[in-house]
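Peer 1: Pasting in a structure now, in structure tokens, and then I'll have a few things to ask.
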Amino acid sequence: MNYRMLNLLSLSHLANDINQGALPALLPFLIVKHTLSYSAAAGIMFAFTITSTVIQPLLGHLADRFNNSWLIPSGLIMAGGGLALTGLSPNYTMILLAVIMSGIGSAAFHPEAARHVDLYSDHKKATAMSYFGVGGSIGFSLGPLLMTASILYFGLNGTMVMFVPVAIVALIFRAQLRQSTACNKSPQTVQKIQTRADHKDDWGAFCKLTLTIVGKSIIFYAFLTFIPLYWTTVLQQTKLAGGMALTLFSVAGILGNFLGGKLADRFGYKTIVVSGCTLLVPTIPAFILTNNVYFAAILLALTGAFLLLTYGPTVVMGQKYIPNHVGLSSGMTLGVAFSIGGGVTPLLGSLADAHGVGTALSTITIIPVLIMFLSFTLKPLELHAVVK
């Protein structure tokens, strides 16, 4: 593996996902300043989720055919700039426009970056993809803390602080753009493209995988959106504690993400996906049932770890199921599948307005059971091979 470029791609993923991790921590402050309902707050997450994911397959499809390396630094600038403007926005409409700008930047970043990870990795595909994912997980974990601390110190103008790390990383990657472009024309890359052309795409298996990811994304975005509010309203903790709980959720995911890739390259992709889905079945109901903040924190950490245990394996499985459309696959598994999960958050927000945040989270406890059974039907893959 080309560790230098994988390090840079992982760092870029960190910078991009700082924005996604920071946005949920920003919601309680926006609710207070603009007197927003839970539904309106969930609508902000919905706007970001839709714009950051729906157009990813299109950009991924273009990435399969053209060199769009410039989308990585440009996407970073848009993602960070949009979030920075969110805190300065005078009304709900302007908040949505700023969030949409950030979402489009994130959508431009992910498929092209995932395609580069595939190009720079060798046979340890899941390890490389998980390594890339760890960068994003670290960004998620840093985002809530940085956002909460910045706002507590500077007020809502503190959202401008979040643009600084994104801009720095974008400039670093821009300096490496020529080498990245050269990689796409290297003999090793040509060999990979020719090898993919010798294999057929298995769209049926890919659709089953996508449904599994959709189920996971509903759980993920439900926790991402409502954990800070759950901590303050149900568990009666401070806003700072709510931000820290969201960070705990993301930090636990780092370990699960990292281990998932390594274990998948050793024991098989499907084995790890099935394990991650199955472990969620008892964990989430236990989290909902406890009123003890310490037990809740432990169960929250386990939920984050089990959710992200499958990150690398699912992305690689998607690329192997349709090896002639790696960028499109990345756009689907990292994009559209997650947009569907995020699209459920306004419904959960309405339920939270009517019956409370705890009730809203309780409704998702059936989903782990469904995706567990679905994961057993996934087509197994040989390690270091693509679907024939």
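Peer 1: Consider VAL99 carefully, then state whether it is modelled with pLDDT of 90 or more and under 30 Å from THR314 (Cβ atoms).
Peer 2: yes
Peer 1: Let me ask something additional. Write out, first by first residue and then by second, each pair whose Cβ atoms fall under 6 Å of each other, whose residues are 6+ apart or on separate chains, and whose first residue, in segment 48-64, is without any contact (Cβ under 8 Å) to a residue 60 or more places away in the chain while the second is surrounded by fewer than 21 Cβ atoms within 10 Å (Cβ to Cβ) and among the β-branched types (Val, Ile, Thr).
Peer 2: These pairs meet every condition: THR51/ILE100; THR51/ILE104.
Peer 1: Run LEU235 past the list (1) part of a helix (DSSP H, G or I); (2) out of contact with any Phe, Trp or Tyr (no Cβ under 6 Å at 6 or more places or on another chain); (3) over 26 Å from ASP17 (Cα atoms) and report the number of the one that doesn't hold.
Peer 2: Every listed condition holds for LEU235 apart from (1).
Peer 1: Which one is farthest from PRO24 (Cα to Cα), of the residues in segment 110-160 that are without any contact (Cβ under 8 Å) to a residue 24 or more places away in the chain and of a type in the set (A, V, I, L, M, F, W, C)?
Peer 2: If we take residues in segment 110-160 being without any contact (Cβ under 8 Å) to a residue 24 or more places away in the chain and of a type in the set (A, V, I, L, M, F, W, C), then PHE154 is farthest from PRO24 (Cα to Cα).
Peer 1: What pairs come up if the first residue lies in segment 253-277 and is touching a residue at least 24 places away in the same chain (Cβ under 8 Å) and basic (Lys, Arg), the second is assigned to a helix (DSSP H, G or I) and surrounded by fewer than 24 Cβ atoms within 10 Å (Cβ to Cβ), and their beta carbons are under 7 Å apart, counting only those six or more places apart or on different chains?
Peer 2: Once the first residue is touching a residue at least 24 places away in the same chain (Cβ under 8 Å) and basic (Lys, Arg) and sits in segment 253-277, its partners that are assigned to a helix (DSSP H, G or I) and surrounded by fewer than 24 Cβ atoms within 10 Å (Cβ to Cβ) give LYS262/THR127.
Peer 1: Name the residues in segment 86-100 that are part of a helix (DSSP H, G or I) and surrounded by fewer than 19 Cβ atoms within 10 Å (Cβ to Cβ), would you?
Peer 2: TYR92, THR93, MET94, LEU97, ILE100, listed by residue number.
Peer 1: Which of the residues spanning segment 358-374 are β-branched (Val, Ile, Thr) and in contact (Cβ under 8 Å) with a residue 40 or more places away in the chain?
Peer 2: Of everything in segment 358-374, those that are β-branched (Val, Ile, Thr) and in contact (Cβ under 8 Å) with a residue 40 or more places away in the chain turn out to be ILE364, THR365, ILE367, VAL369, ILE371.
Peer 1: Just the residues that are closer than 19 Å to LYS239 by Cα and surrounded by fewer than 18 Cβ atoms within 10 Å (Cβ to Cβ), please, taken from segment 3-42.
Peer 2: ILE31, VAL32, LYS33, HIS34, THR35, SER37
The values are calculated or read from the model by the stated rules, or taken from the named source; none is laboratory data. In this text the structure is predicted, and so the values were computed from the model without any measurement. All Cβ positions, glycine included, derive from the backbone under ideal geometry; neighbour counts span all protein chains shown.
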